[in-house]
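K.L.:
Please read through the structure below; I'll follow up with questions.
The values are calculated or read from the model by the stated rules, or taken from the named source; none is laboratory data. Just so it is clear, the model here is predicted, and its values are computed rather than measured. Neighbour counts run over all protein chains shown; Cβ positions are idealised from the backbone, glycine included. These accessible areas exclude ligands, DNA and RNA; they are computed on the full protein's heavy atoms, side chains included. Shrake-Rupley method; radii C 1.70, N 1.55, O 1.52, S 1.80 Å.
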Amino acid sequence: MSSPTTASAPAPPEDGDLAALARQFEGTIAADERVEPRDWMPDAYRKTLVRQIAQHAHSEIIGMQPEANWITRAPSLRRKAILMAKVQDEAGHGLYLYGAAETLGVDRSELLDLLHSGRQRYSSIFNYPTLTFADVGAIGWLVDGAAITNQIPLTRCSYGPYARAMIRICKEETFHTRQGFELLHTLSHGSQEQHAMAQDAVDRWWWPSIMMFGPPDAESSHSQQSMAWRIKRHSNDELRQRFIDICVPQAAVLGLSLPDPELRWNPDRGHYDHGAIDWEEFQRVLRGDGPCNRQRLAHRVAAHEEGRWVREAATAYARKHAGRRSEADGLSGVRSEAGDGGPAGAAL
Amino acid sequence: MRSRRGLSHHHVGSLHAPDAEMALRNARDVFTRRMEGASLWVVPSAAITASSPEERDPFFAPAADKAYRHPTFYDVPAEVTNL
C-alpha cells in the first residue's frame, strides 16, 4: 500500500547514488541522530523495524485483555475507573505504534492480518491469566515496570517516529506502575487474606516479568544487528539486571517477598544476584503453549470480526455525509477526501 | 494541537478516520486524555506537501552562506545599549 506521506516515491537509486545514500544513513546512525520516514534506509533496517514496532503495537492491544478481565469485578469505583483508564491507555499506545509502523510503508490492516494469522507475535507475558484482582497490581508494578525499563532506552532509538512514540508512552506508563504498586501496597497492608492474595500474585508474575527482557544476548539472534543500527541500546541482560535492582527494594517497602531464594545483594558486582531463569518455559509460551495463547488470539480475532459493522457504518456515514455536503456547496463534480474511506489525519 | 492560548499548534501524531469530523473526535480521544490541548487541528496526510530529504542540501543551501542575516554578524561599540 502507498506510504501515508504525500508526494510520489523517489526513483530507485543508481549504484553510485546507493553508496552515497548508504554512507549518509551510516553517518546519521553514527552521529546518534534520527532516521526519519522519507530518508533512504537499508531494506533490512526497514524490515526489522516494521516487525519490532508492529509486535510492540500488537502487545499493547493483546495486553488489554488480561486486565480488562477485571473491570467488571473491581472492588471499588476508584479501582474500576483507574483500571478502565489504564486499559484505554494501552489501546492508545497500540495506536501510536501502528501509526509509527505505517511511516515505514505498511498499512495497519496488513499488520493486523499478520497478528491474526499468527505470523507476527506479541509479548508472551500476556499469555498468562489474571486469577485475582491482586494480579492487576502485580501487572502494573512488574509488567509495566519491566516495559518502562525496556522502553526508556527506546526513546533514543535511531528511528524518529518510534523514538517519539516511546517518549509519549513512557510518560503515560508511569501512572500504570504507580497504580499497581499502590494497589499491592494497600492489599499487602490490609487483612491477612488480602496480604496473601497480593503475595500469591507476585509469586506468579515475578519470573514471567523478568523473562520479558528476552533470552541472554548470546542466544538472541537479532541483538547484534539491532545494536549496530542503534535500535537496541542495551543488552537484554543489562536491562533485566537494572529492573531486578529496582524491584528488590520496592518489594521490601511493599512488605512482600520475591519468589527467588537466590536473590541477594552482591557487593562486588554492585547488583543483585538472582536464581536461574527457566528458559524452557519461556520458549514453550513463545511457541504457543502458554496458558492463554489460544484464548488471547481468538478473543482478538473475534473483536475484530464483530467490530466490522462499526467500521463499515462509519465509512458509509462519512461517504453519505460528504455527498450531501458537496451537493449543498454546489460542488457535485468534486469528490471530497472522505468519500474514498481512506485515512484522514495529520501525517506522523 | 495548541496546548494553551498564545502558543502555536504543534504536531502530536497521526490516526485513521473515515472523515475529518471523526478524525477530530478520535484525536480528542487519543491525544487529550490528560488535558494536553486547548485546540486541535486535523489535516489529511494527502494534503501535506513535504520537502524531499534527497534535495535537502540544495533546497536549504541558500541560507547557509548568508551570515549577515544574523544579528551577531555585526560589530557594534560595547557602550551602545538597546541595539
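K.L.:
Can you say whether B:ASP29 is among the acidic types (Asp, Glu), under 30 Å from A:ILE82 (Cβ atoms) and part of a helix (DSSP H, G or I), as far as the supplied structure shows?
P.N.:
When the stated conditions are applied, B:ASP29 passes them.
K.L.:
Among the residues in region A:62-72, are any part of a helix (DSSP H, G or I), under 16 Å from A:TYR98 (Cβ atoms), of a type in the set (D, E, K, R) and at pLDDT 95 or above?
P.N.:
No, because not a single residue in region A:62-72 is part of a helix (DSSP H, G or I), under 16 Å from A:TYR98 (Cβ atoms), of a type in the set (D, E, K, R) and at pLDDT 95 or above.
K.L.:
Taking A:ALA11 and the conditions (1) at pLDDT 95 or above; (2) within 13 Å of another protein chain (Cβ to nearest Cβ); (3) out of contact with any Gly (no Cβ under 8 Å at 6 or more places or on another chain), which numbered condition does it fall short on, given that it satisfies the others?
P.N.:
(1)
K.L.:
Another question, if that's okay. Just one of the numbered conditions (1) within 28 Å of A:ASP39 (Cα to Cα); (2) more than 14 Å from every other protein chain (Cβ to nearest Cβ); (3) in a loop (DSSP other than H, G, I, E, B); (4) open to solvent by less than 20 Å² (accessible area, probe 1.4 Å) is not true of A:LEU104; which one?
P.N.:
(2)
K.L.:
Test of understanding: among A:GLU219, A:GLU110, A:GLU172, A:GLU182, which residue is among the acidic types (Asp, Glu) and surrounded by 17 or more Cβ atoms within 10 Å (Cβ to Cβ)?
P.N.:
A:GLU172
K.L.:
Further, regarding this structure: I need the full set of residues from region A:121-140 which are of a type outside the set (S, T, N, Q) and open to solvent by less than 10 Å² (accessible area, probe 1.4 Å), in order please.
P.N.:
A:ILE125, A:ALA134, A:ASP135, A:VAL136, A:GLY137, A:ALA138, A:ILE139, A:GLY140
K.L.:
Here's a follow-up. When residues of region A:141-169 are filtered for being under 30 Å from A:ALA196 (Cβ atoms), open to solvent by less than 10 Å² (accessible area, probe 1.4 Å) and within 12 Å of the chain's Cα centre (by Cα), how many remain?
P.N.:
Qualifying residue count for the region: 3.
K.L.:
Okay, moving on. Taking B:HIS16 as the residue in question, decide whether it is in contact with a helix residue (DSSP H, G or I) (Cβ under 9 Å, 6 or more places away or on another chain), within 14 Å of chain A (Cβ to nearest Cβ) and assigned to a loop (DSSP other than H, G, I, E, B).
P.N.:
Considered against the rule, which asks whether it is in contact with a helix residue (DSSP H, G or I) (Cβ under 9 Å, 6 or more places away or on another chain), within 14 Å of chain A (Cβ to nearest Cβ) and assigned to a loop (DSSP other than H, G, I, E, B), B:HIS16 comes out as yes.
K.L.:
Picking from B:SER14, B:SER51, which residue would you name as being closer than 28 Å to A:LEU18 by Cα and surrounded by 11 or more Cβ atoms within 10 Å (Cβ to Cβ)?
P.N.:
B:SER51
K.L.:
Somewhere in region A:251-272, is a residue in a helix (DSSP H, G or I), open to solvent by less than 40 Å² (accessible area, probe 1.4 Å) and touching a residue at least 40 places away in the same chain (Cβ under 8 Å)?
P.N.:
Checking region A:251-272: at least one residue is in a helix (DSSP H, G or I), open to solvent by less than 40 Å² (accessible area, probe 1.4 Å) and touching a residue at least 40 places away in the same chain (Cβ under 8 Å).
For every residue, the table says whether it meets (1) modelled with pLDDT of 95 or more; (2) part of a loop (DSSP other than H, G, I, E, B); (3) among the basic types (Lys, Arg).
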| position | (1), (2), (3) |
| --- | --- |
| A:ASP17 | no, no, no |
| A:ARG51 | yes, no, yes |
| A:ARG78 | yes, no, yes |
| A:ALA81 | yes, no, no |
| A:MET84 | yes, no, no |
| A:LEU95 | yes, no, no |
| A:TYR98 | yes, no, no |
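K.L.:
OK, next. Just one of the numbered conditions (1) among the polar types (S, T, N, Q); (2) out of contact with any Pro (no Cβ under 6 Å at 6 or more places or on another chain); (3) outside any helix (DSSP H, G or I) is not true of A:THR130; which one?
P.N.:
Failing condition for A:THR130: (2).
K.L.:
Let me ask another. Give the residue that is surrounded by the most Cβ atoms within 10 Å (Cβ to Cβ), with candidates limited to residues of region A:300-316 that are in contact (Cβ under 8 Å) with a residue 12 or more places away in the chain and under 14 Å from A:HIS116 (Cα atoms).
P.N.:
This residue is A:ARG300.
K.L.:
Then there's this: Taking the condition of being in contact with a Leu (Cβ under 8 Å, 6 or more places away or on another chain) and under 25 Å from A:VAL285 (Cα atoms), how many residues in region A:82-114 meet it?
P.N.:
Selection size over region A:82-114: 1.
K.L.:
How about region B:32-83: which of its residues are within 13 Å of chain A (Cβ to nearest Cβ) and β-branched (Val, Ile, Thr)?
P.N.:
Residues satisfying the conditions are B:THR32, B:VAL42, B:VAL43, B:ILE48, B:THR49.
K.L.:
Among the residues of region A:229-249, is any on the phi > 0 side of the Ramachandran plot and surrounded by 13 or more Cβ atoms within 10 Å (Cβ to Cβ)?
P.N.:
yes
K.L.:
Is there any pair with a first residue in region B:38-58 that is aromatic (Phe, Trp, Tyr) and a second that is part of a loop (DSSP other than H, G, I, E, B) and surrounded by 12 or more Cβ atoms within 10 Å (Cβ to Cβ) whose Cβ atoms are under 8 Å apart and which are 6 or more apart or on different chains, and what are they?
P.N.:
B:TRP41/A:ALA346; B:TRP41/B:MET1; B:TRP41/B:HIS9
K.L.:
Further question: How many residues does region B:22-31 contain that are farther than 11 Å from A:GLY92 by Cβ and more than 8 Å from chain A (Cβ to nearest Cβ)?
P.N.:
Number of matching residues: 3.
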